[in-house]
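The values are calculated or read from the model by the stated rules, or taken from the named source; none is laboratory data. Note that the structure is predicted; figures quoted are calculated from it, not measured. Here Cβ is always computed from backbone atoms with ideal geometry, including for glycine, and neighbour counts include all displayed protein chains. In case anyone asks, the SASA skips ligands and DNA or RNA and just uses the protein heavy atoms, side chains included. Shrake-Rupley method; radii C 1.70, N 1.55, O 1.52, S 1.80 Å.
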Amino acid sequence: MRHTSISDLLKSKPVGTTVNIKAWVRTFRANRFIALNDGSTIKTLQIVVDFEATDEAILNQINTGACISVTGEVVSSQGSGQDLEIIAKEIEILGESNPEEYPFPPKKFNMEYLRKNAHMRARTNTFAAVLRVRHALSHAVHQYFNDKGFFMMHTPIITGSDAEGAGEMFNVSVLDKKKPPLNEEGEIDYSQDFFEKETNLTVSGQLEAELAALALGKVYTFGPTFRAENSNTTRHLAEFWMIEPEVAFANLDDNMDLAEDFLKYVIKYAKDNCSDDLAFLDKRFADEEKTKPQNLRSDMGLLEKLDMVGANNFCRLSYTEAIDILRNSKPNKKKKFEYLIDGWGADLQSEHEKYLVKHFGTPVILYDYPANIKAFYMRLNEDGKTVRAMDILFPGIGEIVGGSQREERHDVLKQKISEFNIPEEELWWYLETRKFGTCVHSGFGLGFERLVLFVTGMSNIRDVIPFPRTPGNADF
Ligand code: 4AD
Ligand code: MG
């Protein structure tokens, strides 16, 4: 007999029929009731065991963590909290578990313990819920762009250029680490390496996505990106996934419209398709908030925050206006910010981003940043000192999206590349798009884990990716 998933069973409610369930034991109480979970839903299914008719050797192996197969009759449940239960006719132990050694006995664990046991943390309600929401968001991303006529591009993971300048890169080399070949200057001779040049893991697929957009019109990438920055924060990973749309003939306003519409769509998709998981995470979020001091608590519940994003227009504000607000803000005047804002040109820190979001009570899109704190490829404004950049700031997260209108003018771009001290020969291919049929175009990057962080209400980015890579940590 084919097994049925618990999720399908709870949907179709085939009362009176015999089904087979394969799943993992959460608890077994009174030698009579097994709570089973198979990961298809956050809900557990209750199995009622006739212990007099069941082999004692089997009963002894129904332990938390064990994998079992149950064949039995579906009945309407007598107890509260579930619609259905199964009256077991036959139980088979597929994989035993020693309850003394199983890392997740039925009790509450802190997140740090879960991270140390990441090989099995998907067996917990919290982490399994996060993974299902993560899946739904990933699906929604592809659905959204496909419906809008975008083409998905697989941009390279190993790259021969550090043009983006987005941060430190991880080197990719097969040279002998103990005795690398050296050139006449005594430096490592990468011409003898696998690619006959120095290569790294990519920090972004943008530059290649631009090449594609200037041929296919509307494209996006959704791939892993790598940054070797030593940021030990709750919002940084060394390996994270980024979604980067790139659109020909779109200016910065079009870019902001796209980003806002896209974020609202994927968040709504998660709400519509993950209601059980989000109800659980909403409660978890509320419990977590209660443990915080009053002044640090969120003024909204998780589901309320998700609704707030959908219901409001994002506040659009220039960098210059933001600096004025921040300069005159209470925390700046009372020297409560770690980095005080004393004038135009300052780079914004996460404390400033969070202040602005609280100030407006909605997500904020900041645009027209000083040219010297942003990447070389952003389009220079007529004032000669700001660029057509935009960052989207979210409650509790800070920057979730970074993007811009791209510099499409060949001469201006060449000038910027030289001002940023980037060797032009590294970017000859990028410059060619501006020589042959250039056009206005724009794009942005959404950090996927920051989105998952926002939607699940988790507080650390390490808890929204199966196996996080951070400084000092690449286990599993
Ligand atoms: O602002 P960033 O560096 O922009 C780019 O890489 C552009 N090439 C994007 C584009 O225009 N196509 O990164 C984009 C987003 C950030 O807003 C943030 O959400 C996320 O990527 N991000 C990180 N997420 C997790 N860990 C890190 N270390 C991250 N660095 C950036
Ligand atoms: Mg950024």
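Points to keep in mind about this one:
- Between 326, 380, the distinction of being open to solvent by less than 20 Å² (accessible area, probe 1.4 Å), of a type outside the set (Ser, Thr, Tyr), assigned by TED's automatic domain parsing to the domain that holds residue 275 and within 23 Å of residue 256 (Cα to Cα) belongs to 326 only.
- Residues located in region 1-49, provided they are in contact (Cβ under 8 Å) with a residue 60 or more places away in the chain, open to solvent by 70 Å² or more (accessible area, probe 1.4 Å) and aliphatic (A, V, I, L, M): 1, 15
- The number of residues in region 222-242 being more than 13 Å from ligand 2 (Cβ to nearest atom) and not in a loop (DSSP other than H, G, I, E, B) comes to 6.
- For region 317-336, the count of residues that are away from ligand 1 (no atom under 16 Å from the Cβ) and closer than 24 Å to residue 265 by Cα is nonzero.
- Test for residue 151: is it of a type in the set (Phe, Trp, Tyr), in the same structural domain as residue 223 (by TED's automatic domain parsing) and open to solvent by 30 Å² or more (accessible area, probe 1.4 Å): yes
- All conditions in (1) more than 16 Å from ligand 2 (Cβ to nearest atom); (2) out of contact with any helix residue (DSSP H, G or I) (no Cβ under 7 Å at 6 or more places or on another chain) hold for residue 435, with the sole exception of (2).
- Checked against the criterion of being of a type in the set (D, E, K, R), within 21 Å of residue 134 (Cβ to Cβ) and modelled with pLDDT of 95 or more, the candidates 288, 246, 239 yield just one match: 239.
- Total residues in region 294-323, condition open to solvent by 50 Å² or more (accessible area, probe 1.4 Å), of a type in the set (S, T, N, Q) and not in a loop (DSSP other than H, G, I, E, B): 3
Yes/no per residue for (1) among the acidic types (Asp, Glu); (2) assigned to a helix (DSSP H, G or I); (3) touching a residue at least 40 places away in the same chain (Cβ under 8 Å):
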site: 245; (1), (2), (3): no, no, yes
site: 250; (1), (2), (3): no, no, yes
site: 257; (1), (2), (3): yes, yes, no
site: 277; (1), (2), (3): yes, yes, yes
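- Residues of region 394-428 that turn out to be open to solvent by 30 Å² or more (accessible area, probe 1.4 Å), outside any helix (DSSP H, G or I) and either without any contact (Cβ under 8 Å) to a residue 24 or more places away in the chain or closer than 30 Å to residue 264 by Cα (or both), as a count: 4
- Restricting attention to region 438-452 and to residues that are buried (at least 21 other Cβ atoms within 10 Å of the Cβ) and more than 16 Å from ligand 2 (Cβ to nearest atom), the residue that is farthest from the chain's Cα centre (by Cα) turns out to be 441.
- One residue from 53, 57 being assigned by TED's automatic domain parsing to the domain that holds residue 18, exposed (fewer than 14 other Cβ atoms within 10 Å of the Cβ) and assigned to a helix (DSSP H, G or I): 57
- The residue that is farthest from residue 313 (Cα to Cα), counting only those in region 327-360 that are assigned to a loop (DSSP other than H, G, I, E, B) and hydroxyl-bearing (Ser, Thr, Tyr), is 339.
- Residue selected from region 157-175 under the condition open to solvent by less than 60 Å² (accessible area, probe 1.4 Å) and more than 12 Å from ligand 1 (Cβ to nearest atom), by the criterion modelled with the lowest pLDDT: 161
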